[in-house]
Amino acid sequence: MNTIPPRRLLGGLLAMGLLAYAGAGIAASDTTQHIVIDSGDTASSRAAARQSQEQWNATHWLRNKVNTRVEKDFDRYDQSVDLQEKCNISQNVNAYWEPNTSRCLDLRTGRSLLAP
């Protein structure tokens, strides 16, 4: 009976193990793995973004409109206060301030004294 020295047996087993490992590596590399990086840019997300932008534009337009109206009202009120002060300090004794119309009127004629 032939016996294989332990050193040779160990070397052969090691070589067979390496071949088996390399073969398994080759078989594993045969399967392709795909990594998909999704940016989240789908049709539904684009539609949602478009709707959000449209809503933002509409509300932005309305806010500008409201702000413009508030600014006009403030300017009108500010001008009215200035005219009232001018009317009250006027040297004309017949001048009086009409709060309903926001005008400085003459007592005798009813005509406006100060032009806005």
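Tabulated data
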{"item": "Near pairs, Cβ below 9 angstrom, 6+ apart or cross-chain, from the range 81-96 (of a type in the set (Val, Ile, Thr)) to any residue that is open to solvent by 50 Å² or more (accessible area, probe 1.4 Å)", "result": "VAL93/LEU107"}
{"item": "Residue list for the range 92-104, filter: surrounded by 12 or more Cβ atoms within 10 Å (Cβ to Cβ) and not aliphatic (A, V, I, L, M)", "result": "ASN92, TYR96, TRP97, GLU98, SER102, ARG103, CYS104"}
{"item": "Residue list for the range 105-116, restricted to those being of a type outside the set (S, T, N, Q) and open to solvent by 50 Å² or more (accessible area, probe 1.4 Å)", "result": "LEU107, ARG108, ARG111, LEU113, LEU114, ALA115, PRO116"}
{"item": "Subset tally (residues that are open to solvent by less than 100 Å² (accessible area, probe 1.4 Å) and either assigned to a helix (DSSP H, G or I) or among the hydrophobic types (A, V, I, L, M, F, W, C) (or both)) for the range 64-91", "result": "15"}
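The values are calculated or read from the model by the stated rules, or taken from the named source; none is laboratory data. Note that the structure is a prediction, hence the values are computed from the model and not measured. Every residue, glycine among them, receives a Cβ derived from its backbone with ideal geometry; neighbour counts consider all protein chains shown. The protein model used for the area step is the full one, side chains on, heavy atoms only, and it has no ligands, DNA or RNA in it. Shrake-Rupley method; radii C 1.70, N 1.55, O 1.52, S 1.80 Å.
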